[in-house]
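Below is one structure, written out as structure tokens; comments come after it.
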Amino acid sequence: MRSGRRPGAPPPGRRRGRASAPRRAGAAPPRAADPGPRAGDGATAAAVPKFEVIHHPDRDRSVFMPFVPAIRINRGRLLWLAGTTALPVYHDHPHRREDILAHLPDDLEAQTRRAMEGIKATLAAAGATFADVVHVFVFRARPRIGDIGRTARIIDEYFAPYGHRPTSTNLAVLELGEPEQLIEIQMVAVVD
């Protein structure tokens, strides 16, 4: 008779993994993760910001940066978006040449804007906006001087209405999925 358990699965009530080591006499108990706002302390989950921007105390406020150095997540769940290109979010794989020729113009700004529109639609499908994004990965192929500024200006247009800037990683790569592809953008958001 079968037990209904997968082969190698631990019996009910037991977890797989190492047993906890006994605590040394006099040792402090293990630290629990901060549970966040507690009942009775006057704070509610809605009152605690989902995340907060971290800046260096001695930062130079006169410089323009299209990103922030760090964001601390206080509550919510991570939403990872797939890398998005100028191709429609839903497109055939392997890629069809007619789609590539129709959607990947040899124009970095146009490809950036199309990718951002795809990201905007994906965020909306998840009930999120650019205000919820905490990190942006930008991958650029065939880099040229000035590309970072050109793409940053377009990306910033999508965050500006929210008065928000996420953290960012900007990479120049040898090649992306197709030779005509100049940019791929991936984002991470925090949603309730």
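Hey, any hits in segment 127-138 for a residue that's at pLDDT 95 or above, over 16 Å from Leu78 (Cα atoms) and more than 14 Å from the chain's Cα centre (by Cα)? No, segment 127-138 has no match at all.
As for segment 157-172, it holds at least one residue that is modelled with pLDDT of 95 or more and among the charged types (D, E, K, R). A Cβ distance below 6 Å, combined with a sequence gap of six or more or placement on separate chains, defines the contacts here; from segment 54-71, residues that are among the β-branched types (Val, Ile, Thr) reach residues that are outside any loop (DSSP other than H, G, I, E, B) and surrounded by 10 or more Cβ atoms within 10 Å (Cβ to Cβ) in the pairs Ile54/Ala70; Ile54/Arg72; Val68/Val53; Val68/Thr167; Ile71/Phe51; Ile71/Val53; Ile71/Val134; Ile71/Thr167.
Within segment 148-155, not a single residue is of a type in the set (A, V, I, L, M, F, W, C) and in contact with a His (Cβ under 8 Å, 6 or more places away or on another chain).
The condition of being out of contact with any helix residue (DSSP H, G or I) (no Cβ under 7 Å at 6 or more places or on another chain) and in contact (Cβ under 8 Å) with a residue 60 or more places away in the chain holds for His135. When segment 38-84 is filtered for residues that are at pLDDT below 90, surrounded by 11 or more Cβ atoms within 10 Å (Cβ to Cβ), part of a loop (DSSP other than H, G, I, E, B) and among the small types (Gly, Ala, Ser), only Ala43 remains.
For beta carbons closer than 6 Å, sequence separation of 6+ or different chains, a first residue in segment 160-187 that is under 25 Å from Ala128 (Cβ atoms) and without any contact (Cβ under 8 Å) to a residue 40 or more places away in the chain and a second that is part of a strand (DSSP E or B) and of a type in the set (Val, Ile, Thr), the qualifying pairs are Asn170/Val138.
The values are calculated or read from the model by the stated rules, or taken from the named source; none is laboratory data. Given the structure is predicted, the values throughout are model-derived calculations rather than measurements. Using ideal geometry, Cβ is built from the backbone for each residue, glycine included, and neighbour counts are taken over all protein chains shown.
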